[in-house]
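The structure appears right after this line, and notes come after that.
The values are calculated or read from the model by the stated rules, or taken from the named source; none is laboratory data. Keep in mind it's a predicted model, so treat the numbers as computed, not measured. Counting neighbours? That spans all protein chains shown, and the Cβs are built from the backbone with ideal geometry, glycine included. All accessible areas refer to the heavy atoms of the entire protein, side chains included, with ligands and DNA or RNA removed. Shrake-Rupley method; radii C 1.70, N 1.55, O 1.52, S 1.80 Å.
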Amino acid sequence: MSIVAIVGRPNVGKSTLFNRLVEERKAIVDDVSGVTRDRHYGKCEWTGIEFTVIDTGGFVSDSKDIFEKNTSNQVLIAVKEADALIFMVDCTSGVTEEDKEFGRILRKSGKPVFVAINKTDNNFRLEYRHEFYELGFDNIFPIASISGFGTGELLDEIVKALPEKTIEEEEKYPKIAIVGRPNVGKSSLCNALLGEERNIVTDIPGTTRDSIHSHYNYYGKNFILIDTAGIRKKGKVTDDIEFYSVMRSIKAIEDSDVVILMIDAKDGLESQDINLFHLAQKNGKGIVIVVNKWDLVENKETNTVKDYEEKIKHKTAPFTDIPIIFVSALSKQRIFKAMETALEVYKNLSKRVSTSKLNDVLLPIIEKTPPPATKGKYVKIKYITQLPAKKVCFAFFCNLPQYVPESYKRFLENRLRENFSFTGIPLFIFFRKK
């Protein structure tokens, strides 16, 4: 699809307009300057024409601040990618030197530029719109992104300028979310896979704020890769922006198909990682544990990997049927193996076992090892079927479902895993009265 990038200096309302165009609150909005850092993608539809919208951070030239410098680089990449540009300015500030300088950069791009004068939400402010012709662009539109005033006229002209492209019906691509604590290398892994500086990477925890979606093709297999903000303990979340970042990361887990839980090789699986693991498990998501910075672990021996895996599985028990991949995002060591494993787990998540096969395999096992008697009551399982649900769920029909102990439930789960390969998938077992 065609691409439209929203660009401009910090805190002029770009993310507010982005949220309005994509009709979702995808980008974090705050009065603080510099909230948006990475390029953020969404889909907009206007008069039957669909196009991709990119929200960008504020452009600041010659800044020595590491975040502003990286953000400005992301803006220039977005300008290069786009077919048309929405140059956003602030009516209340007038034309600033930063606007003039950025306008010169946009003119050199040769792309259609539409100047959106934000916050012109009353007649008094509308009178000041003429001074923005000083920027040297013909397409000037007074808007108020928070209320939607003027956005219709802006979109009418933008869709006229977009190149004609054939819109193919979008497939339901698997969504793979990379989650973990701050500074474990989530954005580095995304960038290494995508082969570009798609997401800003620094040594400072909390660099990523929004959940960033990227389309990725791996040997002909398409999926959506989601980089998320690092999640700390609730007590350590000190400001609103970090709170919203954490909420976006949790929503990314809920909306994904497979969760890659990324941990630091030196720190191991900590309590916050366990919380994320259980959140993914509770939501029935496929899970892959990726141990990053493995190249920094010293004095590795023959059993180092095996011992490390055992420590992880001890903490995730009783759910231990999880693939664990040891990688280095920096040197790209085994990162493609991690993606390959994630796609295998997605395949397991989509698996449907026929009722006849389930009964043929499991009923003889149940007959040989029946549920233990409780209070002189004998449980007889007659029939098994997989339920039509997003999670992988199985129903066991029996005469006395209330007397099946938890230990026997785990026994059946293990038999399902042994016979039907559900590696990385949480299984949900229900007992129902026949």
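A few comments on the model shown:
- Flag if PHE430 is surrounded by 14 or more Cβ atoms within 10 Å (Cβ to Cβ) and either of a type outside the set (Ser, Thr, Tyr) or in contact with a Cys (Cβ under 7 Å, 6 or more places away or on another chain) (or both): no
- The number of residues in segment 121-142 being farther than 26 Å from ILE105 by Cβ, in a loop (DSSP other than H, G, I, E, B) and over 37 Å from the mean Cα position of the chain (by Cα) comes to 1.
- Close Cβ contacts (under 6 Å, 6 or more residues apart or on different chains) running from residues in segment 351-368 that are closer than 22 Å to GLY284 by Cα to residues that are part of a helix (DSSP H, G or I) comprise VAL353/PHE420.
- Which numbered condition LYS43 fails, given (1) assigned to a strand (DSSP E or B); (2) open to solvent by 70 Å² or more (accessible area, probe 1.4 Å); (3) at pLDDT 85 or above: (3)
- Residues that are under 28 Å from GLU413 (Cβ atoms) and either in a loop (DSSP other than H, G, I, E, B) or open to solvent by 30 Å² or more (accessible area, probe 1.4 Å) (or both), drawn from segment 275-302: ASN275, HIS278, LEU279, GLN281, LYS282, ASN283, GLY284, LYS285
- Residues located in segment 116-163, provided they are under 21 Å from GLU24 (Cβ atoms) and free of Cβ contacts under 8 Å to residues at least 60 places away in the same chain: ALA144, SER147, PHE149, GLY150, GLY152
- Selected residue (only one of ILE158, ILE167, ILE146 is hydrophobic (A, V, I, L, M, F, W, C) and either modelled with pLDDT of 90 or more or in a helix (DSSP H, G or I) (or both)): ILE158
- Qualifying residue in segment 135-142 (condition: within 23 Å of THR16 (Cα to Cα) and of a type in the set (Val, Ile, Thr)): yes
- Taken over segment 391-408, the criterion of being within 15 Å of ALA317 (Cα to Cα) and either crowded, with 16+ Cβ neighbours inside 10 Å or of a type in the set (Ser, Thr, Tyr) (or both) is satisfied by SER407 alone.
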